[in-house]
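Q: Just passing along the structure, written as structure tokens.
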């Protein structure tokens, strides 16, 4: 089945499956039934079977799922076996935290460049990568052809940077900036991260549930 026909809700559950299966594998378990997995994840067994059937059959009746094999297959579906190159723009508090604390390699990405407009930061090293001036973005992108840009910059700065990066061939964005990239570039792949929205959702649930 083409990924284009699979719902976004199913796709968003895949990383959770991958993470849970990794925890089960680390605990020494080798197989699990859809019922057992559903109890651990708070989903129905039917939902798990439907989700996984979108990508083919992985379980055996009477046996369940081979945990290591299923995690490996989900990793392939997520593209974790085909690392994408990424650059990060904005080495403020957020950008620095993202750079230092996200294990990009285990998530399917290889971080190859860090950029900031503050000249005082240029030359500092984080994770063995030098912080480069954003004035060198054009040259770096033409030489290294990054797939993805991570935007940890203010919304007011994001529009111009996005125009520049799309013009340089960047096709995907992990966007912390609150700038709506998809409005201008509907064909670009964007994953928006809004911490404030998540916190307000929690507020709603506390208030109304």
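The values are calculated or read from the model by the stated rules, or taken from the named source; none is laboratory data. Everything numeric here is computed off the predicted structure, so don't read it as measured data. Neighbour counts run over all protein chains shown; Cβ positions are idealised from the backbone, glycine included.
Q: Tell me yes or no: at least one residue of region 152-164 is surrounded by 12 or more Cβ atoms within 10 Å (Cβ to Cβ), in contact (Cβ under 8 Å) with a residue 60 or more places away in the chain and in contact with a helix residue (DSSP H, G or I) (Cβ under 7 Å, 6 or more places away or on another chain).
A: yes
Listed here are the residues, each with its yes/no results for (1) out of contact with any helix residue (DSSP H, G or I) (no Cβ under 9 Å at 6 or more places or on another chain); (2) buried (at least 16 other Cβ atoms within 10 Å of the Cβ); (3) farther than 17 Å from residue 76 by Cβ.
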{"position": "7", "(1), (2), (3)": "yes, no, yes"}
{"position": "18", "(1), (2), (3)": "no, yes, no"}
{"position": "22", "(1), (2), (3)": "no, yes, no"}
{"position": "30", "(1), (2), (3)": "no, no, yes"}
{"position": "35", "(1), (2), (3)": "no, no, yes"}
{"position": "40", "(1), (2), (3)": "no, no, yes"}
{"position": "46", "(1), (2), (3)": "no, no, yes"}
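Q: Among the numbered conditions (1) within 24 Å of residue 198 (Cβ to Cβ); (2) surrounded by 16 or more Cβ atoms within 10 Å (Cβ to Cβ), tell me where residue 183 comes up short.
A: Every listed condition holds for residue 183 apart from (2).
Q: Looking at 163, 147, 197, 138 in this structure, which one is over 21 Å from residue 93 (Cα atoms) and within 19 Å of the chain's Cα centre (by Cα)?
A: 147
Q: Are any residues in region 67-82 closer than 13 Å to residue 15 by Cβ and part of a loop (DSSP other than H, G, I, E, B), and if so, which ones?
A: 79, 80
Q: Any chance region 88-101 includes a residue that's surrounded by 19 or more Cβ atoms within 10 Å (Cβ to Cβ), free of Cβ contacts under 8 Å to residues at least 40 places away in the same chain and in contact with a strand residue (DSSP E or B) (Cβ under 9 Å, 6 or more places away or on another chain)?
A: yes
Q: Can you tell me which residue is modelled with the lowest pLDDT among those in region 185-209 that are outside any helix (DSSP H, G or I) and out of contact with any strand residue (DSSP E or B) (no Cβ under 7 Å at 6 or more places or on another chain)?
A: Selected residue: 209.
Q: Here is a further query. Which number in (1) at pLDDT below 95; (2) over 22 Å from residue 11 (Cα atoms); (3) in contact with a helix residue (DSSP H, G or I) (Cβ under 9 Å, 6 or more places away or on another chain) marks the one condition that residue 54 misses?
A: (2)
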